[in-house]
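Below: the structure, in structure tokens.
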Amino acid sequence: MIAGGQVTGGDGSAGAELYVPASGTFEFAGEMTTDRHSHTATPLPDDTVLITGGYSVWSWPNPQPTSSAEVYKPR
């Protein structure tokens, strides 16, 4: 799974993709509730992912952290 990331300009992305081994490609898997980059993603036993922290808007030179968390359930 790839969730979020930093887009051109430094802001975060809410998109998520899952790797499909059979085709060797990534497929869109929905979006998180918050745009994020530089966050943590922890897989949980029920196949959900705990997404915490990171940044949603990059404001140089003092980026503001995202002080939230969400449990992401891939489609």
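The values are calculated or read from the model by the stated rules, or taken from the named source; none is laboratory data. Bear in mind the structure is a predicted one, so any value in this text is a computation, not a measurement. Every residue, glycine as well, gets a Cβ built from its backbone with ideal geometry; the counts of neighbours run over all protein chains shown.
Only one of the numbered conditions (1) at pLDDT 95 or above; (2) over 18 Å from Ser67 (Cβ atoms); (3) touching an Asp or Glu at 6+ places or on another chain (Cβ under 9 Å) is violated by Thr52, and that is (2). When region 3-42 is filtered for residues that are in contact (Cβ under 8 Å) with a residue 12 or more places away in the chain, in a strand (DSSP E or B) and surrounded by fewer than 14 Cβ atoms within 10 Å (Cβ to Cβ), the ones remaining, listed by number, are Tyr19, Phe26, Phe28, Thr33, Thr40. I'd like the residue in region 43-67 that is farther than 16 Å from Gly5 by Cα and among the hydroxyl-bearing types (Ser, Thr, Tyr) and, out of all such residues, is surrounded by the most Cβ atoms within 10 Å (Cβ to Cβ). Looking at the filtered set, the residue picked out is Thr48.
Confirm whether Ala29 is among the small types (Gly, Ala, Ser), within 11 Å of Tyr72 (Cβ to Cβ) and under 9 Å from the mean Cα position of the chain (by Cα). Before the answer, list the steps.
Working: among the small types (Gly, Ala, Ser): yes; within 11 Å of Tyr72 (Cβ to Cβ): yes; under 9 Å from the mean Cα position of the chain (by Cα): no.
So Ala29 fails the test.
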